[in-house]
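Take a look at the structure set out below.
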């Protein structure tokens, strides 16, 4: 295991977080706008496959998260700390 300076680790996590945020925004635009267009289904499938490929690349290049940070985040999600209107069931 390589030990990095805390600032370097924080920068790595911030960078990958921003990339995940961009992917989430692109996926939301795909589902809310692109799918409504009258475009060939093959093109829609290609676009979805590109989004999936980006996700897979991010997953493989993301820095590891410590177990305690993972558990703390999991608890926060379960407690509703990150619930958004769009994600709530009506």
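A few remarks follow.
- 0 to 90° range, to nearest 10: angle between helix 6-32 axis and the chain longest Cα axis: 20
- For the Cα trace of the chain, dividing Rg by the Kirkwood Rh returns an Rg/Rh value of 1.06.
- Debye-formula intensities of segment 8-60, expressed as log10 I(q)/I(0) at q = 0.20, 0.31 Å⁻¹, are -0.72, -1.18 (one equal scatterer per alpha-carbon, no solvent).
Values in this text are rule-based calculations from the coordinates and carry no lab data. Quantities reported herein were computed from a predicted structural model and do not represent experimental measurements.
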